[in-house]
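Report on the structure given below.
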Amino acid sequence: MFRGFINKRLTRLFGNRAGIAVQAAIFGGVHLLLASEVTLLSGSIIFTTTAVGGLMLGYLAEKTFHGSTIPGIMLHGFGNFVIDLFQALA
C-alpha cells in the first residue's frame with residue numbers, strides 16, 4: 001500500500017524526494033498508531049526506525065527497482081522476521 005499506492009501518488013504530486021519523505025513519515029506514523037503501551041522513548045524509536053525503513057524502501061522502489069513493490073515487500077517481511085525473532089529470544 002505505501003510504496004505501491006501512496007508513494008507513487010506523492011512522488012507525482014511533490015517530486016521524488018519530498019514524496020518519499022512524506023510517505024515515510026506516514027509509514028512511521030501508522031506503525032506508531034498500531035503499537036501498544038507506547039512511552040515517549042519507545043514511540044520515538046518505533047517512529048524513527050519505521051520512517052527510516054520507509055525512506056529506504058521508498059527510495060529503492062522508485063530509483064532502484066523502477067517502481068516494483070516486490071523487493072520492498074520481501075525486505076519488509078525480512079525486517080518483521082528479524083524483529084519477531086529478537087522478541088521471541090528476549
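General remarks:
- Relative contact order for the range 28-90, counting Cα pairs under 8 Å that sit 6 or more residues apart, in percent: 24
- Kirkwood hydrodynamic radius (C-alpha pairs) into Stokes-Einstein, the chain, 20 °C and 1.002 mPa s, D in µm²/s: 159
Where a number appears in this text, it was derived from the coordinates with a stated rule and is not lab data. If you're wondering where the values come from, they're calculated on a predicted model, not measured in any experiment.
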